[in-house]
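K.L.:
Take this structure, written in structure tokens, and hold onto it; I'll ask about it next.
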Amino acid sequence: MARTLINLPRTARRGEVIEIRTLIQHVMETGYRPGADGVVVPRDIVTRFTCLYNNEEVFSAELAPAIAANPFLSFSVVAAESGILAFTWSGDNGFEQTETRSLTVT
């Protein structure tokens, strides 16, 4: 399991625009670099990120081989109601990780 950092407020006022920042520690391999033995190291990247707010997709991103190791993403969401935000990273070799956070809207 990869280490993730998710930064968002715990509470927000209804209608407030909140900033969400995410980072996942993932060793990225482009699939173009030869290893010490001269054999190309297989590609291993995060290819997709999605954020669901109460099971409704509010942000998604398709990532390509040029993405940096430990991809950092920042986006905004309107705080409509209290609920759960689910963050999912998926990638090569069957990689998938989901983290959740609660948001209380007043």
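K.L.:
Checking the conditions here, which among GLY15, GLY31 is at pLDDT 90 or above and among the small types (Gly, Ala, Ser)? Don't jump to the end; show me each part of the working.
P.N.:
Numbers: GLY31 fails: at pLDDT 90 or above.
The match here is GLY15.
K.L.:
ALA36 passes all but one of (1) out of contact with any Ser or Thr (no Cβ under 9 Å at 6 or more places or on another chain); (2) more than 23 Å from ILE18 (Cβ to Cβ); (3) in contact (Cβ under 8 Å) with a residue 40 or more places away in the chain; which number fails?
P.N.:
Tallying (1) out of contact with any Ser or Thr (no Cβ under 9 Å at 6 or more places or on another chain); (2) more than 23 Å from ILE18 (Cβ to Cβ); (3) in contact (Cβ under 8 Å) with a residue 40 or more places away in the chain, ALA36 fails exactly one: (3).
K.L.:
Would it be correct to say that LEU8 is over 21 Å from VAL105 (Cα atoms) and not basic (Lys, Arg)? Even if it seems obvious, please write down each step before you answer.
P.N.:
Details: over 21 Å from VAL105 (Cα atoms): no; not basic (Lys, Arg): yes.
No: the conditions fail for LEU8.
K.L.:
Kindly indicate whether GLU29 is over 17 Å from the mean Cα position of the chain (by Cα), of a type in the set (Asp, Glu) and closer than 21 Å to ALA2 by Cα. Write out each step before concluding.
P.N.:
Working: over 17 Å from the mean Cα position of the chain (by Cα): yes; of a type in the set (Asp, Glu): yes; closer than 21 Å to ALA2 by Cα: yes.
When the stated conditions are applied, GLU29 passes them.
K.L.:
Still on this structure: Of all residues in segment 25-44 being touching a Pro at 6+ places or on another chain (Cβ under 9 Å) and charged (D, E, K, R), which is surrounded by the fewest Cβ atoms within 10 Å (Cβ to Cβ)? Don't jump to the end; show me each part of the working.
P.N.:
Of segment 25-44, the ones touching a Pro at 6+ places or on another chain (Cβ under 9 Å) are 26, 28-32, 40-41, 43.
Next cut, charged (D, E, K, R) only: 29, 43.
Values: GLU29: 18, ARG43: 16.
Checking each candidate, the answer is ARG43.
K.L.:
Could you tell me which of the residues ASN7, ASN93, ASN55 is surrounded by fewer than 11 Cβ atoms within 10 Å (Cβ to Cβ), modelled with pLDDT of 95 or more and of a type in the set (S, T, N, Q)?
P.N.:
The conditions single out ASN55.
K.L.:
If a residue has to be free of Cβ contacts under 8 Å to residues at least 40 places away in the same chain and either surrounded by 16 or more Cβ atoms within 10 Å (Cβ to Cβ) or more than 14 Å from ILE20 (Cβ to Cβ) (or both) to count, how many in segment 96-106 make the cut?
P.N.:
The first filter runs over segment 96-106 and keeps only residues free of Cβ contacts under 8 Å to residues at least 40 places away in the same chain, leaving 96, 98, 100.
Still in the list and also either surrounded by 16 or more Cβ atoms within 10 Å (Cβ to Cβ) or more than 14 Å from ILE20 (Cβ to Cβ) (or both): 96, 98.
Residues in segment 96-106 being free of Cβ contacts under 8 Å to residues at least 40 places away in the same chain and either surrounded by 16 or more Cβ atoms within 10 Å (Cβ to Cβ) or more than 14 Å from ILE20 (Cβ to Cβ) (or both): 2 in total.
K.L.:
So, one more: I need the full set of residues from segment 63-87 which are surrounded by 16 or more Cβ atoms within 10 Å (Cβ to Cβ) and part of a strand (DSSP E or B), in order please.
P.N.:
Correct list: LEU73, VAL77, GLY83, LEU85, ALA86, PHE87.
K.L.:
Is it the case that segment 7-16 has a residue that's within 17 Å of GLU96 (Cα to Cα) and in contact with a Leu (Cβ under 9 Å, 6 or more places away or on another chain)? Write out each step before concluding.
P.N.:
Taking segment 7-16 as the starting set, the residues that turn out to be within 17 Å of GLU96 (Cα to Cα) are none.
For segment 7-16, residues within 17 Å of GLU96 (Cα to Cα) and in contact with a Leu (Cβ under 9 Å, 6 or more places away or on another chain): absent.
K.L.:
Between THR47, THR22, which is crowded, with 16+ Cβ neighbours inside 10 Å, in contact with a Gly (Cβ under 8 Å, 6 or more places away or on another chain) and among the polar types (S, T, N, Q)?
P.N.:
Values: THR22 fails: in contact with a Gly (Cβ under 8 Å, 6 or more places away or on another chain).
After applying the criteria, what remains is THR47.
K.L.:
Okay, moving on. Report, ordered by the first and then the second residue, all pairs with beta carbons closer than 7 Å, sequence separation of six or more or different chains, a first member in segment 1-26 that is touching a residue at least 40 places away in the same chain (Cβ under 8 Å) and farther than 21 Å from VAL78 by Cα, and a second member that is surrounded by fewer than 14 Cβ atoms within 10 Å (Cβ to Cβ) and of a type in the set (D, E, K, R).
P.N.:
Sorted first by the residue in segment 1-26, then by its partner, the pairs are GLN25/ARG3.
The values are calculated or read from the model by the stated rules, or taken from the named source; none is laboratory data. Bear in mind the structure is a predicted one, so any value in this text is a computation, not a measurement. Virtual Cβ from ideal backbone geometry, glycine too; neighbours counted across all protein chains shown.
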